[in-house]
Amino acid sequence: MKVVETIANLKSLRLKLPEPVGFVPTMGYLHKGHLALVKRAKAEDSSVVVSIFVNPTQFGPHEDFDKYPRNPQRDLALLEKEGVDLVFMPSVAEMYPPEFSSWVDVGKIAERLEGASRPGHFRGVTTVVAKLFNLVQPDKAYFGQKDAQQLAVIKKMVADLNMNLEVVIVPTVREADGLAMSSRNTYLNPKERKAATVLYQALGLAQKLWSQGEKDAQTIRQRMTALIQKQPLAHIDYISIADAETLDELDAVRPPALVSLAVKIGKTRLIDNVVVE
Ligand code: AMP
């Protein structure tokens, strides 16, 4: 496994990789969710490239960029074990030199839900992912269902800008009690970690109500809200039942619908989702 920090070195090693090339962009502090993406790429492609870059432009001024967990040595050991060919770990200055001034903005779909709670977040995501796609030139890029809106936004960018690659969706990897794996779970103390299962419970309730024939989205949102409000450590940011592609909020649930939520557990903001079909 080769590890490079500069764009020049990435480009020269990329030229030698057997195709098709699979690419997994990450912010590091890897867990089994990330590794599921890597394993899928490994199974489908002749070469696998992983990036580890905590992208400052997708964090708001009062968010956790500085304290976002980092452990590059451990990450590299995990990726080596998976048989990854090339890891790109650039510095912030390498990705955003002082003269940098171009941005990718996909419009409406990036302004709701996460985009409404975190203004500018998706502009940072799409810009860095576009840069990484240009550098790595993958045949396929792998993203987790865990970040459902990110997936929708990236798919829109790829379609609108005619990017020449396939976006592959990998199902959410969960802990035994249902909590979606996330690098941010490490912020939770033991009490909060227990309370955090309320996200998955609320999504399970939505699925159950839908399978019992409930079609009214507002009823489902209200039942989810009531369940989460019983957990004193949890504070709801949003609960959404939306068209899975456009993310338009629904009055009547029609499949495939994305049920997604953002909930603060103590100071830690967690997101999760399920698709009802
Ligand atoms: P991050 O490092 O949080 O930016 O995530 C990098 C990629 O891993 C994104 O495509 C995420 O959607 C994906 N990912 C994160 N957590 C999970 C999970 N629990 N299951 C599946 N994919 C995940």
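List the number of the failed condition for Thr26; all other conditions in (1) within 15 Å of the ligand (Cβ to nearest atom); (2) surrounded by fewer than 21 Cβ atoms within 10 Å (Cβ to Cβ); (3) farther than 22 Å from Lys267 by Cβ hold.
(2)
Residues being touching a residue at least 60 places away in the same chain (Cβ under 8 Å), more than 15 Å from Leu79 (Cβ to Cβ) and hydroxyl-bearing (Ser, Thr, Tyr): count how many of those fall in the range 1-59.
Total satisfying the criteria: 2.
Going by the structure shown, is Ala93 within 20 Å of Phe133 (Cα to Cα), open to solvent by 30 Å² or more (accessible area, probe 1.4 Å), in a helix (DSSP H, G or I) and of a type in the set (Gly, Ala, Ser)?
yes
Which condition breaks for Val104 when tested against (1) touching a residue at least 60 places away in the same chain (Cβ under 8 Å); (2) surrounded by 14 or more Cβ atoms within 10 Å (Cβ to Cβ)?
Val104 satisfies all of (1) touching a residue at least 60 places away in the same chain (Cβ under 8 Å); (2) surrounded by 14 or more Cβ atoms within 10 Å (Cβ to Cβ) except (1).
Among the residues of the range 224-231, is any outside any helix (DSSP H, G or I) and touching a Ser or Thr at 6+ places or on another chain (Cβ under 7 Å)?
Checked against the condition, which is being outside any helix (DSSP H, G or I) and touching a Ser or Thr at 6+ places or on another chain (Cβ under 7 Å), the range 224-231 yields no hits at all.
Given the condition of a type in the set (A, V, I, L, M, F, W, C), away from the ligand (no atom under 13 Å from the Cβ), farther than 26 Å from Ile169 by Cβ and over 21 Å from the mean Cα position of the chain (by Cα), answer yes or no: does some residue in the range 83-97 qualify?
Checking the range 83-97: at least one residue is of a type in the set (A, V, I, L, M, F, W, C), away from the ligand (no atom under 13 Å from the Cβ), farther than 26 Å from Ile169 by Cβ and over 21 Å from the mean Cα position of the chain (by Cα).
Only one of (1) open to solvent by less than 10 Å² (accessible area, probe 1.4 Å); (2) without any contact (Cβ under 8 Å) to a residue 60 or more places away in the chain; (3) not in a helix (DSSP H, G or I) is not met by Ser240, so which one is it?
Answer for Ser240: the failing condition is (2).
Which of the residues belonging to the range 243-267 are open to solvent by 10 Å² or more (accessible area, probe 1.4 Å), part of a strand (DSSP E or B) and over 20 Å from Lys208 (Cβ atoms)?
Within the range 243-267, Asp243, Glu249, Lys264 qualify.
So Ala116 ticks every box in (1) more than 30 Å from Leu17 (Cβ to Cβ); (2) within 12 Å of the ligand (Cβ to nearest atom); (3) among the aliphatic types (A, V, I, L, M) but one. Which box is left unticked?
Looking at each condition in turn, Ala116 falls short on (2).
The values are calculated or read from the model by the stated rules, or taken from the named source; none is laboratory data. None of these values were measured; they are calculated from a predicted model. Heads up, the Cβs are rebuilt from the backbone with ideal geometry, glycines too, and the neighbour counts pull from every protein chain shown. Accessible surface areas use protein heavy atoms only, side chains included; no ligands, DNA or RNA. Shrake-Rupley method; radii C 1.70, N 1.55, O 1.52, S 1.80 Å.
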